[in-house]
Amino acid sequence: VCSMGNSTSRLYSTLAKTLSSSAVSQHQDCLEQPDSARLDPIDPKDLLEECQIVLRKRPPRFQRNFVDLKKNAVSNHRPIRVMQWNILAQALGEGKDNFVQCPMEALKWEERKCLILEEILAYKPDILCLQEVDHYFDTFEPLLSRLGYQCTFFPKPWSPCLDVEQNNGPDGCALFFLKDRFELINSSNIRLTAMKLKTNQVAIAQTLKCNETGRLFCIAVTHLKARTGWERFRSAQGCDLLQNLKNITQGAKIPLIICGDFNAEPTEEVYREFSNSSLNLNSAYKLLSPDGQSEPPYTTWKIRPSGECRHTLDYIWYSQHALNVNSALGLLTEEQIGPNRLPSFNYPSDHLSLVCDFSFNQDPDRLL
């Protein structure tokens, strides 16, 4: 097992403090936030350095570049960087997902968590939307709160992680935003319905006020039902989420950003529902294509016993009447990903992170 460093390691001591606190008492419906305010802030450079010490025997991070999409748009405020990522639940990666070309050694949590943190620290998002989080209380909340984020977690009611021996509790969606950039106005935990039945999928929607501009906007994170054969179910979940977001944004009067693993290719009905919604949404990563109309060829790429799985499932939707996409992070190339696909010693998840820089349209009264 790769050492976390010596006993005075800053990262080790940070985690040790959280493990001895009430943060690991997870049986509060996993919704109440533990009190990390008493813990000292940590410098992201220090945390990054500690992660790199842990990862010293692994290959270096892949390099990805941002693509400028401004089109001469002028913004009078600092962009809002949003990161979307299904990080792969640890229990599922080790116990259920059967990545046949990924060595178990590459999935060790002691190192994989540092790869995840390294990716987050590298892109410095103002808002971070994660799915398949099953180490919220012992890793992400205590660390990210000390980096200045306000943290919210909503677990799945019947998480498949609980079927795995030595699991770390249920997985779910998590939303983090920098408290020095935004003020929380309203927060909603949404258990998605389909055909009037409550389902196992969830969403978090928060209305924030941008401290710099005073503008309100809504950020949402979700993870829809997986697997082939569940297309109608996903469509129903998408309709339910859209209806909830229409109410929260007062029919799109408040700009909206939705991040998620939709488990749906662009050919699915749920994708068309979001594209054609009265909320006037566009998918940010379409803007990377030459015509601005095509999604990336993949956002997840793995090999399971049934064969190779290369799909576009992850999206960042936004109110195109109120928000501009200044830039988007390019995807990993096939050459970077390599023949064994994801996850790997280089990359901690089977899904790629998506990162966009947004600015508000300069005409706040512009109609849909």
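The values are calculated or read from the model by the stated rules, or taken from the named source; none is laboratory data. All of these numbers come straight from a predicted model, not from anything done at the bench. All Cβ positions, even for glycine, are placed from backbone atoms using ideal geometry, and neighbour counts span all protein chains on display. Only protein heavy atoms, including side chains, enter the accessible area calculation; ligands, DNA and RNA are left aside. Shrake-Rupley method; radii C 1.70, N 1.55, O 1.52, S 1.80 Å.
What about GLU94, is it of a type outside the set (Ser, Thr, Tyr), assigned to a helix (DSSP H, G or I) and either modelled with pLDDT under 95 or on the phi > 0 side of the Ramachandran plot (or both)? Yes.
How about the stretch 176-191: which of its residues are over 17 Å from ALA220 (Cβ atoms) and open to solvent by less than 60 Å² (accessible area, probe 1.4 Å)?
Result: LEU178, ARG181.
Here LEU121, LEU144, LEU130, LEU88 are screened, and the one residue that is without any contact (Cβ under 8 Å) to a residue 60 or more places away in the chain and of a type in the set (A, V, I, L, M) is LEU144. For LYS209, are the conditions met, namely being of a type in the set (D, E, K, R), assigned to a strand (DSSP E or B), over 19 Å from the mean Cα position of the chain (by Cα) and over 30 Å from GLN362 (Cβ atoms)? So LYS209 does not fit the description; no.
Among PHE137, PHE99, which is the only one that is open to solvent by less than 60 Å² (accessible area, probe 1.4 Å), among the aromatic types (Phe, Trp, Tyr), assigned to a loop (DSSP other than H, G, I, E, B) and in contact (Cβ under 8 Å) with a residue 40 or more places away in the chain? Exactly one residue qualifies, and that residue is PHE99.
With respect to (1) touching a Phe, Trp or Tyr at 6+ places or on another chain (Cβ under 9 Å); (2) loosely packed, with under 15 Cβ neighbours inside 10 Å, the lone exception for SER319 is condition (2).
Residue count for the stretch 272-297 satisfying the condition of being under 30 Å from LEU107 (Cα atoms), open to solvent by 20 Å² or more (accessible area, probe 1.4 Å) and either modelled with pLDDT under 95 or of a type in the set (Ser, Thr, Tyr) (or both): 0.
Answer with yes or no whether GLY214 is touching a residue at least 60 places away in the same chain (Cβ under 8 Å), open to solvent by 20 Å² or more (accessible area, probe 1.4 Å) and on the phi > 0 side of the Ramachandran plot. So GLY214 fails the test.
Is there a residue in the stretch 298-305 that is modelled with pLDDT under 95, open to solvent by 50 Å² or more (accessible area, probe 1.4 Å) and part of a loop (DSSP other than H, G, I, E, B)? Yes - at least one qualifying residue is present in the stretch 298-305. In the stretch 78-86, is there at least one residue being part of a helix (DSSP H, G or I), open to solvent by 10 Å² or more (accessible area, probe 1.4 Å) and either touching a Phe, Trp or Tyr at 6+ places or on another chain (Cβ under 7 Å) or over 16 Å from PHE140 (Cβ atoms) (or both)? Checked the stretch 78-86: no residue is part of a helix (DSSP H, G or I), open to solvent by 10 Å² or more (accessible area, probe 1.4 Å) and either touching a Phe, Trp or Tyr at 6+ places or on another chain (Cβ under 7 Å) or over 16 Å from PHE140 (Cβ atoms) (or both). From the list TYR318, TYR271, the lone residue that is in contact with a helix residue (DSSP H, G or I) (Cβ under 9 Å, 6 or more places away or on another chain) and outside any helix (DSSP H, G or I) is TYR318.
The conditions of being hydroxyl-bearing (Ser, Thr, Tyr) and either touching a His at 6+ places or on another chain (Cβ under 6 Å) or open to solvent by 20 Å² or more (accessible area, probe 1.4 Å) (or both) are met by SER145.
Of the listed requirements (1) open to solvent by less than 50 Å² (accessible area, probe 1.4 Å); (2) within 30 Å of SER283 (Cβ to Cβ); (3) not in a loop (DSSP other than H, G, I, E, B), VAL67 misses just one: (1).
Among the residues of the stretch 345-365, are any touching a residue at least 24 places away in the same chain (Cβ under 8 Å), open to solvent by less than 10 Å² (accessible area, probe 1.4 Å), of a type in the set (Val, Ile, Thr) and within 30 Å of GLU212 (Cα to Cα)?
Checking the stretch 345-365: at least one residue is touching a residue at least 24 places away in the same chain (Cβ under 8 Å), open to solvent by less than 10 Å² (accessible area, probe 1.4 Å), of a type in the set (Val, Ile, Thr) and within 30 Å of GLU212 (Cα to Cα).
When CYS114, CYS173 are checked against the criterion of being buried (at least 23 other Cβ atoms within 10 Å of the Cβ) and part of a strand (DSSP E or B), a single residue qualifies: CYS173. Quick check, is LEU245 within 23 Å of ARG78 (Cβ to Cβ), crowded, with 17+ Cβ neighbours inside 10 Å and in contact with a strand residue (DSSP E or B) (Cβ under 9 Å, 6 or more places away or on another chain)? For LEU245, the condition - within 23 Å of ARG78 (Cβ to Cβ), crowded, with 17+ Cβ neighbours inside 10 Å and in contact with a strand residue (DSSP E or B) (Cβ under 9 Å, 6 or more places away or on another chain) - is not met.
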